[in-house]
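> Below is the structure I would like to discuss, written out as structure tokens.
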Amino acid sequence: MELPIDYATLRVLWWALIGIILIGFALTDGYDMGVGALLPFVAKTDAERRMVINTVGPTWEGNQVWFIVGGAGLFAAWPFAYAISFSGFYLALFVVLAAMILRPVGFKYRSKRPHPRWRGFWDWALFVGGFVPVLCFGVALGNVLQGAPFRLDSDLRAFYEGSFIGLFSPFALLCGLLSVAMLVLHGAAWLTLKAEEGPVTERARLFGEIAALASIVLFAAGGFWVAFGGLGFRIEGLADAAGPSNPLRGAAAVRAPGAWLDNYGRHGWMMIAPILGFAGAALALYGLRFNKAWAAFGGSSASAVGIVGTVGLSMFPFILPSSFDPRSSLTVWNASSTHLTLFVMLIVTAVFLPLILLYTAWVYKVLWGRSTTGALATNPDLY
């Protein structure tokens, strides 16, 4: 059966869709996690902490759907990448999931008892549930940029040659800290928009300003490391964009220090992403400093889009390069599902994604408004 969209175009569309889903996750669940990481520091009393929790309480579960959709999309569109990353990074993912499990438990159990020690314990559980996944996601992206230590044998069986400790290299830790700074900034900007004006928003602005400066410095340091730190891969020869999904056939990948910057030389418009990463953080810093909440949140959102987009655009067409055996590297052209599978998935996505976006927009409209300490005494449904 001849399909109306060719294989190469579908592969690029699905690369873009997975990127959009990851950005959606960073924009929505990102501020949830940022708020969790800030909770013990911006709120000092029990009433303040309940108010902070209720800024994300009604929507955090819906926001987390982006994470699930991203995992499902990776499984369906790029099964090689899913299999190798989920088996190779198994312990890291276990740490992430264990930390994320603390979030629903913390939200639900914190208010079950009034004892300060009980509530303090769950406050720190929410901190762990926000801080640890964000750090690990950044470390994971750092490892993807460096290349993961795996190889494929002639039967396409994957062998991971790394260790859990080996994931935390200096560059990966720098990426992890950038991820924390980026989403703490996003969480602080969210609090200035959603929490009632007072001590909490003042503290959030202070931490947000520090996070904005840290984002700019760490993003610049990461870019310098990518340019001069010996990182990068390149495809030698002409890749067959419509060829079979077999990483061991076709053009081979090789290590090429500095090659992650090649795309910016060929396609100047891609510079929009890193510029957005810097300019967004600067705009957020301006908004926080001068108490302009929408500028702060718009800036932190733009910065997250720019930073995540920079990673994706720098690596294209690579999805998961191999540092152990570059010939085994996974790219957009050699690791996707079949032509028919990608087409059917695209139709399903075109039908359901707009519905999800409309529903999400409606939920935000209904639940919009600042979270206040006064509402805690009158609304029994609040956390």
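> Put D381, D153 in order of accessible area, largest first, 1.4 Å probe: what do you get?
The most accessible residue leads, giving D381, D153.
> Report, in deg cm²/dmol and to the nearest 500, the calculated mean residue ellipticity at 222 nm for the chain, where each DSSP H run with n ≥ 4 adds -39500 (n - 2.57) and the sum is divided by the residue count.
Per the formula, -23000 deg cm²/dmol.
> OK, next. Calculate the dipole size of the chain relative to its Cα centre from +1 charges on Lys and Arg beta carbons and -1 charges on Asp and Glu beta carbons; express the result in debye to the nearest 20.
Value, rounded to 20: 920 debye.
> V95: accessible area at probe 1.4 Å, nearest 10 Å²?
50
> With the contact rule set at Cα under 8 Å and sequence spacing of 6 or more, what percent relative contact order holds for the chain?
24
> Relative to the first principal axis of the alpha-carbon coordinates of the chain, what is the inclination of helix 339-366, with its axis defined by its Cα atoms, in degrees from 0 to 90 and to the nearest 10?
10
> For a protection proxy built on the mean count of beta-carbon atoms within 10 angstrom, sort 59-69, 160-170, 359-369 highest first, please. Kindly include the intermediate steps, with their values, before the conclusion.
Numbers: 59-69: 17.4, 160-170: 13.3, 359-369: 10.8.
Top of the packing list down: 59-69, 160-170, 359-369.
> How large is the dipole of the range 216-326 about the Cα centre if only Lys and Arg carry +1 and Asp and Glu carry -1, each at its Cβ, rounded to the nearest 20 debye? Show your work: numbers first, answer last.
Values: 6 positive and 4 negative charges, 66 e Å.
That gives the range 216-326 a dipole magnitude of about 320 debye.
> Next question, about the same structure. If I take every Cα pair under 8 Å that is 6 or more residues apart in the range 110-174, average their sequence separation and divide by the length, what percent do I get for the relative contact order?
28
> If packing is taken as the average number of other Cβ atoms within 10 Å across a peptide's residues, how do 269-276, 129-136 rank, most packed first?
129-136, 269-276
> Using the heavy atoms of the protein chains alone and a 1.4 angstrom probe, what is the accessible area of the range 132-225 per residue in square angstrom? Could the numbers behind the result be given before it?
Working: 3580 Å² over 94 residues.
For the range 132-225, the solvent-accessible area averages 38 Å² per residue.
> Also: State the percentage of accessible surface on the range 170-322 attributable to carbon and sulfur atoms; use a 1.4 Å probe and exclude ligands, DNA and RNA.
In the range 170-322, the share of accessible area belonging to carbon and sulfur is 71 percent.
> Calculate what fraction, in whole %, of the accessible area of the range 1-99 sits on carbon and sulfur atoms when a 1.4 Å probe is rolled over the protein chains.
Carbon and sulfur together cover 75 percent of it.
> Right, something else. Order F207, F121, F228, F107 by their accessible area, 1.4 angstrom probe, all chains in place, largest first.
Sorted descending by solvent-accessible area, the residues read F228, F121, F207, F107.
> Determine the order of L206, L39, L218 by accessible area, beginning with the largest, at a probe radius of 1.4 Å.
The most accessible residue leads, giving L206, L218, L39.
The values are calculated or read from the model by the stated rules, or taken from the named source; none is laboratory data. Owing to the predicted nature of the structure, the values given are computational and were not obtained by experimental measurement. Counting neighbours? That spans all protein chains shown, and the Cβs are built from the backbone with ideal geometry, glycine included. Protein only, heavy atoms only, side chains kept; ligands, DNA and RNA dropped before computing areas. Shrake-Rupley method; radii C 1.70, N 1.55, O 1.52, S 1.80 Å.
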